[in-house]
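Worksheet: one structure, shown below.
Laboratory data are not the source of any read-out in this text; all were calculated from the coordinates shown. Because the structure is predicted, anything quoted here is derived from the model rather than measured. Quick reminder, even Gly has a Cβ in these numbers, built from the backbone with ideal geometry, and neighbours come from all protein chains shown.
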Amino acid sequence: MEPLNRFPQMQQEHLIALVRTAEAEQEARKAALRTKQDARQYQDQVRRKLRRVFGRLPRRTPLKPRITATFERDAYRVEKVLFESRPGFPVTGLLYLPQRRRFPAPGVLASCGHSLNGKADRNYQAFCQGLAHKGYVVFIYDPISQGERMQYPDAQGKSRYGLGVGEHIQAGDQQLLVGEFFGTWRVWDGIRALDYLLSRPEVDPNHVGLTGNSGGGTLTTLLCANDDRFTMAAPGCYVTTFRRNAENELPADSEQIPPRLLELGLDMDDLFALHAPKPLILLTAEKDYFDQRGALQAFARLKRLYRLLGAPDNVAMMTGPEGHGYRQPLREAMYGFFNRACGKVREGAREPKLQIEADEVLNVTPRGQVYHLKPRTVFSFTREKSRALAAKRRPLSGPQLRPLLSKLLSLPERAGAPEFRILRNIGNRGYPSPAATHYVVETEPRIQAIVTMLTDEPHHSRPPRGKEAVLYVPHMSSDEDLREEPLVRELAPKAPAFFAVDLRGIGESRPNTCGLNQYLRPYGSDYFYSSYGILFGRPLVGRRTHDLLTVLDFLEEYGYKKVHLAARGWGSLPALFAAVLDSRVKQLTLKNALRSYTELAETEDQAWPLSSLLPYVLEKLDLPDCYNAVKRKLKIIEPWGADMKPTRKR
């Protein structure tokens, strides 16, 4: 029997309302800017907010660069470069040096998109060669988990999660637990790559460009927000608005979800606010999945900012006729724009004849992967920080724990008994009682928790009054667990009243967005809504906790002030948090509960989804603090480990 799912668009409609409200507020603030002084003050505000988004950058450590090999072509020489962006953390790159040119020459840092082969992608080779032909010194480097920088190799030398997005999500999810943002890691690689480029005597530091496409457009955007040494920039096939991405159900990679960016009132164009009024061209494509409407809106906002700063001609936008990718029309627009910015108008924008190399020709390391050099990995840094945080944390008592937990969960205010609807009876579903009534409890505008009440006789009205009840929170679906879960079969017959609840995004509101049957995929809908929770500073596990607390308000309206809260799997986390925060929970039974967030941060192949993770939690507390706070009323059955499989209780 298919689980019930009568509200599959609920989260999407809620998200659309949020992003439209956020965008309207942004537009109003930007429309209020009238003078150059207003624009400068706005830049100062953005600078302060971005520090909160990206956090503190690491201290610079020795790059330890070395050239592993070189080869020459008619118009340029290529040096294969290996350097360390952090101690023991190698980066592979290629330096394109023009032949028969006068140095120092303008330099360009090239940022790769999500190509599996990184810097060897033919489009990225193309723009590096094109720039070198035109007299630019170009440095292109492999992103983390692309090209030669695999982080999760299996025994056969293949990625366990898939190069690019798969590895980024695996690493990025874990980093959030220890207060890190994967985008900051990506930015730091770029900053150190720029350090290397500017260390070369062939480069003129007065003319330094930055360009990339797709994921490379992302990094161009993020780097412009974090390093003021770039004198010109050309992001490709990325810049739009977060509203359009949300409405179009377009998931984003870990580095593309800057924590709290939308909560702080910022959008993609604001990431270029600190670059203004230096030359900037937005490269877009008519048939791209990054919405042209958002790109035009971002451009209009930037044009206004540049005009206020006295340089309206320094910002431009070019739209190519094709689909997503750094295709020749976009590359030639970039050549022409950079040439004008550098006073190289005689070079022309036409792309020369290119010589695309095989991947192995461009390998920097002997065997084509840095993992053969036994370097540190992103995970090793996450584990190290988790251990350092654990050493600093002290056990928390209830009075200390509750305000900290509430803040981490970002719980909104509640206003007493919530509104609710009563759904029509749908007959026997195989539950452990003959009848069931479904209540749709409003927890936020456009968000409902679906409550199922089991009864011996058909019931078509509000809940009967009582004093004690069992409230069950499922792993993924109340309907499914009510039919199949042994814990329900054990608790329901003995309960004075029995209710089960689907929190947002679970069971009755399992989303059908982001494509067909994408719910649990790495780039799927559960991840998608979790990502926007990060952008808004509203972690999904916190919003699910809020749903549960609101359902307790609903039950109390009918006299149920003593609640036995039972939960399984994913549901165990909001149930635990609710039990810590709410005295109406008199008994707590958790099956398949996560033992600690530390275990997730320190297990390389952890399997819990982003929707279950609480950002920054390990800076303040861990789940054992919560378990200790409710230990007198707690029973744990078959706890799950980091792999979401049963493990022995420690």
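Helix 10-31 and the long axis of the chain differ in direction by around 50°, with both axes built from C-alpha atoms. Taking a 31 Å limit on the Cα-Cα distance, which of the listed pairs 119/344; 49/385; 36/134; 30/134; 49/344 fall beyond it? As for pairs spanning more than 31 Å Cα to Cα, those are 36/134; 30/134; 49/344. If the cut-off is a Cα-Cα distance under 18 Å, which aspartates and glutamates reach residue 561, setting aside same-chain residues fewer than 8 apart in sequence? List returned: 468, 547, 553, 582. When each of the peptides 366-372, 390-396 is scored by how many other beta carbons lie within 10 Å of its residues on average, the order from highest to lowest is 366-372, 390-396. The mean sequence separation of alpha-carbon pairs under 8 Å and at least six residues apart, normalised by the residue count of the stretch 177-324, gives a relative contact order of 24 percent.
A viscosity of 1.306 mPa s and a temperature of 10 °C, combined with the Kirkwood radius over Cα pairs in Stokes-Einstein, give a translational diffusion coefficient for the stretch 1-133 of 77 µm²/s. Look at the alpha carbon pairs under 8 Å that are at least 6 residues apart: their mean separation over the length of the stretch 43-386 gives a relative contact order of 19 percent. With K and R counted +1 and D and E -1, the other residues having a Cβ less than 12 Å from that of residue 66 yield a net charge of 0.
In the frame of its principal axes, the stretch 562-621 has Cα extents of 40, 23, 16 Å, reported largest first.
Take the Cα pairs of the stretch 399-538, get the Kirkwood Rh, then feed it into Stokes-Einstein at 37 °C and 0.692 mPa s and tell me D in µm²/s. My calculation gives 194 µm²/s for D. When the Cα centres of the stretch 411-478 and the stretch 483-506 are compared, how far apart do they sit, in Å? So the separation of the two Cα centres works out to 11 Å. I need the shape label for the stretch 168-250. Rule: rounded when a/c is under 1.5, else prolate if a/b > b/c, else oblate, with a, b, c from the alpha carbon gyration tensor. Because a/c hits 1.5 or more and a/b fails to exceed b/c, the stretch 168-250 counts as oblate. Restricting the stretch 229-295 to trypsin sites (Lys or Arg not before Pro) that sit in a DSSP loop and have at most 16 other Cβ atoms within 10 Å of their own Cβ leaves 229, 287. The angle separating the long axis of helix 572-581 from the principal Cα axis of greatest extent in the chain is about 70 degrees.
Net charge of the neighbourhood of residue 479, taken over other residues with C-beta under 13 Å away and scored Lys/Arg +1, Asp/Glu -1, is -3. Working note: 222 nm ellipticity from helices only, DSSP H runs with n ≥ 4, each -39,500 (n - 2.57), summed and divided by the residues of the chain, gives -10500 deg cm²/dmol to the nearest 500. The alpha carbons of the chain stretch over 89, 54, 45 Å along the principal axes, in descending order.
For q values of 0.10 Å⁻¹, compute log₁₀ I(q)/I(0) with the Debye formula on a Cα-only model of the stretch 43-386, without solvent. Those come out to -0.55, one per q. Relative to the dominant Cα principal axis of the chain, helix 182-199 is inclined by about 10°. Sequence-distant contacts, meaning Cα pairs under 8 Å at least 6 residues apart, place the relative contact order of the chain at 15 percent. The GluC sites (Glu not before Pro) of the stretch 252-300 meeting both criteria, a DSSP state outside H, G, I, E and B (loop) and at most 12 other C-beta atoms within 10 angstrom of the site's C-beta, are 286. For the stretch 496-650, the equivalent ellipsoid built from the Cα gyration tensor has semi-axes of 24, 20, 14 Å, listed from largest to smallest.
Each peptide among 23-30, 460-467, 5-12 gets the average number of other Cβ atoms lying within 10 Å of its residues, and from highest to lowest they stand as 5-12, 23-30, 460-467.
Each residue of the stretch 268-274 was assigned a 3J(HN,Hα) from its phi angle through the Karplus expression (A = 6.51, B = -1.76, C = 1.60, θ = phi - 60°), giving 4, 4, 5, 5, 9, 4, 7 Hz with x at Gly and Pro. Other residues lying with their Cβ under 11 Å from the Cβ of residue 525 contribute a combined charge of 0, Lys and Arg counting +1, Asp and Glu -1.
Counting only lysines at least 8 places from residue 562 when in the same chain, those with an alpha carbon closer than 29 Å to its own are 407, 467, 494, 586, 591, 631, 633, 635, 649.
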